[in-house]
Amino acid sequence: MSLSPLGRGSLSELAVQQLREQLATGAWPVGTRLPAEAALAEELGIGRSTVREAVRVLVHDGQLETRQGSGTFVRALTPTPEWEPRMRQAAVLDAYEVREALEVQAARLAAERRTDADADRIDAALAERERCRADGAIEPFVDADLAFHGAIVAAAHNALLQDMFASFLTVLRAALVEVVRDVVLDDVDSRQAHADLARAIRDRDPAAAMAATHANITVTGGPLGHVDVPNATRRSSQS
């Protein structure tokens with residue numbers, strides 16, 4: 001990926017345009033962290049304050065998300081659709097049920113369409129998830145888990161699926177952080193299902209990939225019924 005130095009005109013608008021173009025081409029997949037502010041400023045040939053302004057625009061549009069102490073992460077490759085605010089207010093279990101439908105489809109498509117590079121990224125994301133799980137730090141583990149699932153969605157090679165998945169991240173991340181904080185990690189972890197999912201995609205086995213996705217969702221779906229998430233409504237688990 002290469003950014004071009006910006007010329008005359010509204011620097012912030014031009015910076016927004018170039019960053020948006022890079023996102024649209026998948027230069028930074030959903031769930032990944034953007035380069036440091038200083039690095040972006042140097043590549044664009046503008047000041048760091050202009051970079052910050054451009055990032056704020058993309059955060060407002062739902063394409064980026066800033067996390068205190070962690071950096072800026074990609075939430076969507078294109079501006080989020082108008083229904084995304086509705087997702088922020090959805091009941092956690094409602095969102096999780098829709099997420100299951102989305103990820104089952106993504107897993108099937110990923111098993112059919114994945115490239116070797118996609119499979120390598122999924123395996124690397126799984127290894128990072130395991131490393132963070134072993135470390136026991138809550139938020140890094142949740143971020144690594146969502147990055148793993150984001151890599152699978154990306155391997156489906158369907159831009160709309162990627163954008164829909166990104167719209168779930170805010171409410172799901174908050175819910176999963178609470179799950180990991182309030183219960184023993186091994187009680188909600190699904191290491192085997194995640195390993196099975198990665199292997200099924202590498203083996204190009206859509207049926208096994210869908211089954212592993214169902215197994216993963218089943219493990220974490222129950223504890224989510226007891227989670228309170230800011231700005232999201234709550235629905236009691238029926239299980």
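What's the ranking of 138-149, 67-78 by average number of surrounding C-beta atoms within 10 Å, highest first?
In descending order of packing, they fall as 138-149, 67-78.
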- Peptide ranges 44-50, 155-161 listed from the most packed, as the mean C-beta count within 10 angstrom indicates: 155-161, 44-50
- Note on the stretch 11-74: alpha-carbon gyration tensor, axes a ≥ b ≥ c; rule is a/c under 1.5 for rounded, else prolate if a/b larger than b/c, else oblate; result rounded
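All of the numbers you see were taken from the coordinates with simple rules; none came from a lab. This one's a predicted model, so the numbers in the text were calculated from it and none came from an experiment. As a convention, Cβ positions derive from the backbone with ideal geometry for all residues, glycine included, and neighbour counts pool all protein chains shown.
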